[in-house]
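The values are calculated or read from the model by the stated rules, or taken from the named source; none is laboratory data. Since this is a predicted model, take the numbers as computed values, not measurements. Ideal geometry is used to build each Cβ from the backbone, glycine not excepted, and the neighbour counts take in all protein chains shown. Accessible surface is based on the protein model in full, side chains and every heavy atom, while ligands, DNA and RNA are left aside. Shrake-Rupley method; radii C 1.70, N 1.55, O 1.52, S 1.80 Å.
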Amino acid sequence: MMHMWFWFGNNLDNFFLPGYNVATIFSFFCTCLGLFALAILYEGMKVLQIKLQQSTVSLLQKQSSRISENSCLLSKISSNNIRTKISLHCIQWCIWSFQIFHWFVHTFLGYLLMLAVMTYNVYITVTIVLGACLGYWIFGPQLIELNMKRFYKRQILLDCDKECADNIIHSQRHESTVSVVADQLITEATVEVHIPRDA
């Protein structure tokens, strides 16, 4: 029976799945305990999501700077540079796939907890809220710290004066010009290698 108001009781019948029948006090207690743990996990995954994004950004910045340094040296223009680019794309793809999987699990878990609350059972609702509170008590300070670090980084960029902004734009243009020239040299070197000498 589906309730449309808050109710007390431990008989949930089929909970989420047809075979999962919650009819006894023990099964109800185990279900509440599981939902309590899932609510804590949901809060912890928020921290992991930000850390994944930050590690991805830092890794991509390191890899791109390494490639640009290698591209500037004519002695490095070889198959090693192409292998480095391929390995960079593989790393990017693996990290992005893991982030998508993490986002899927986090979103699925959120909807699962929402559906549990929608049973309108007072014990289930209180259990999930208490689990989320405990999760926020454990992971909240770290979450706030990570968000403040991101905020301060953006604030530093916004507080940059005109001269600083011009220097940043100039350095970005210089880097893009160098990378375009390096890519062109790599293409020319590859073409020269593949052209037969008789031609």
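Can you name the residue in segment 76-86 that is open to solvent by less than 50 Å² (accessible area, probe 1.4 Å) and part of a helix (DSSP H, G or I) and is also modelled with the highest pLDDT among such residues?
84
(1) modelled with pLDDT of 80 or more; (2) of a type in the set (S, T, N, Q); (3) open to solvent by 80 Å² or more (accessible area, probe 1.4 Å); (4) over 30 Å from residue 130 (Cα atoms): which one isn't true of residue 97, the others all being true?
Condition (3) is where residue 97 drops out.
Which residues, taken from segment 109-136, are open to solvent by 70 Å² or more (accessible area, probe 1.4 Å) and assigned to a helix (DSSP H, G or I)?
111, 114, 115, 123, 126, 129, 130, 133, 136
If you check 15, 26, which single one turns out to be in contact with a strand residue (DSSP E or B) (Cβ under 7 Å, 6 or more places away or on another chain) and aromatic (Phe, Trp, Tyr)?
15
Within segment 18-32, is even one residue within 28 Å of residue 141 (Cβ to Cβ), open to solvent by less than 30 Å² (accessible area, probe 1.4 Å) and modelled with pLDDT of 90 or more?
Yes, segment 18-32 has at least one match.
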